[in-house]
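Before any comments, here is the structure.
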Amino acid sequence: MTGVQTCALPICDNDFILVDLRSREEYNKEHIVSAINIPAYSDPNNSAYGEIERIIGEFEKLGTDKEIIVYCYSTACMTGRKEIGRASCRERV
């Protein structure tokens, strides 16, 4: 793919799953090698927080045998990650 930028983590450990929370568009443009995409944004400017059941469902498919590391790029995305985490905890209670 031309125009796609990637970067590799300096870790050779498979004890974690790296999750990119950005939109599919942003993920397809560039992402960390080995990261999977669970978009919390429908596009770079609009959240997908209304799809919280889908997002939580995707995280549940990852299982619990590995650490999950999430990343995104903005304050809004970080706020969304916290909301998703809170909703996930409420569902488990």
For the range 25-77, what is the per residue volume of the convex hull drawn over the alpha-carbon atoms, in cubic angstrom? 91
Work out how much length Y71 to S42 would gain on full extension: take 0.36 nm times their residue separation and subtract the Cα-Cα distance, in nm to one decimal. 8.9 nm
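Each value in this text was obtained by applying a stated rule to the coordinates, not by laboratory testing. Since the model is a prediction, treat every value here as computed from it, not as a measurement.
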